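Laboratory data are not the source of any read-out in this text; all were calculated from the coordinates shown. From a predicted model like this one, the values you see are computed outputs, not experimental measurements. Glycine also receives a Cβ, built like all others from the backbone with ideal geometry; neighbour counts cover every protein chain displayed.
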Amino acid sequence: MKFYKINIDEGKRKKYAQGIPLVKPLEENICCSVCRRQWRRAHYLENPNFVMALSNQNFPDFLWFLHYKIISENALEVLMQKVVRNLLFKEISIVSVNDLSEAQVKDLRFRGENVKKLALNPPKYYTVIVEEGAELHKESGVYVEECDSCKYLKVHSYGMDFLHPSQKLYLHKRSWNGEDLFTLKYFPATLYCTENFLKLYNEYRLTGLNFSEIDVIE
Ligand SMILES: [Zn+2]
């Protein structure tokens, strides 16, 4: 069985649409008495008033927005029927460029967005929650600092403040729960999959993702 890390495909000849939030995130200021860190956690999709526009009319099936996984109706059907049992999903509120208020248009222009290109008839999109399904093998040499109290998480390479992009990572096969789409422990923002998922992705001509094989250690 082959395993893959999933990356976002931004589109080659024509860029895929991206989500543009129209409301500010709910921000949580954390001042932890255990690890003594002060930091801020932003929640976008958890905000009940969350709404977004799409940057153009070229709609992918997988649309990444920060660490959220946002997928089309088509991709949702494939995931629910073929990939993930008990998939948690929620529809996202997306507005047409025609329904933006004057204040929203002004704000978007101020943020440097090309308002004329925004999607006129955005299709339905859903946010999905993909469960943790495996761990990295310790040979990967990834260091983790996690605060039990505030959940601050820092994943880094030896002697560095961050995970070096060229660091070789190995999936620990024995920790894998058998699902075809999953995240790794300590890496909730990145999706991983099996060759079964990749086959379905190609079979159903889904768009918006790139796959790079990850080495496996039993
Ligand atoms: Zn803490």
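Summary table below
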item	result
Segment GLU28-LEU153, extension gain: residue separation times 0.36 nm, minus the distance between their alpha carbons	43.4 nm
Computed over the chain: relative contact order in percent, which uses C-alpha pairs under 8 Å that are six or more apart	28 percent
Where the Cα pairs of region 132-217 fall when distances are cut into 5 Å bins, in %	3, 12, 21, 24, 18, 12, 6, 3, 1
Sum of -39500 (n - 2.57) over DSSP H runs of 4+, divided by residues of the chain (222 nm, nearest 500)	-3000 deg cm²/dmol
Amide proton proximity set for LEU171, modelled H, under 5 Å, gap of 5+	HIS137, ASP215, VAL216, ILE217
Mean Cα-pair separation over length for region 12-129, i.e. relative contact order, pairs under 8 Å, 6 or more apart, %	29 percent
Ratio of the Cα radius of gyration of region 31-100 to 2.2 N^0.38 Å, where N counts its residues	1.48
Alpha carbon centroid spacing (whole Å) that separates region 161-218 from region 76-128	25 Å
Likely footprinting exposure, CYS147, CYS31, CYS193, fewest C-beta neighbours within 10 Å first	CYS31, CYS147, CYS193
Flagged links, alpha-carbon separation over 31 Å, of LYS12/LYS82; LYS12/LYS138; LYS116/LYS168; LYS24/LYS90; LYS2/LYS117; LYS117/LYS185	LYS12/LYS138; LYS116/LYS168; LYS2/LYS117; LYS117/LYS185
Cysteines not pairable in the chain (beta carbon separation under 4.7 Å absent)	CYS31, CYS193
Share of pairwise Cα separations in the chain, more than 26 Å, in percent	45 percent
Relative contact order (percent, whole number), region 73-148, Cα cutoff 8 Å, 6+ residue spacing	39 percent
Check: region 28-166 dipole with +1 on Lys, Arg Cβ and -1 on Asp, Glu Cβ, in debye	340 debye
5 Å binning of all Cα-Cα separations within region 12-129, expressed as whole percents from 0 upward	2, 10, 18, 19, 18, 13, 9, 6, 4, 1, 0
Long-range HN-HN contacts of PHE3 with modeled amide H, under 5 Å	ILE214
FRET efficiency, ASP9 to LYS168 (Cβ-Cβ, R0 22 Å, nearest 0.05)	0.45
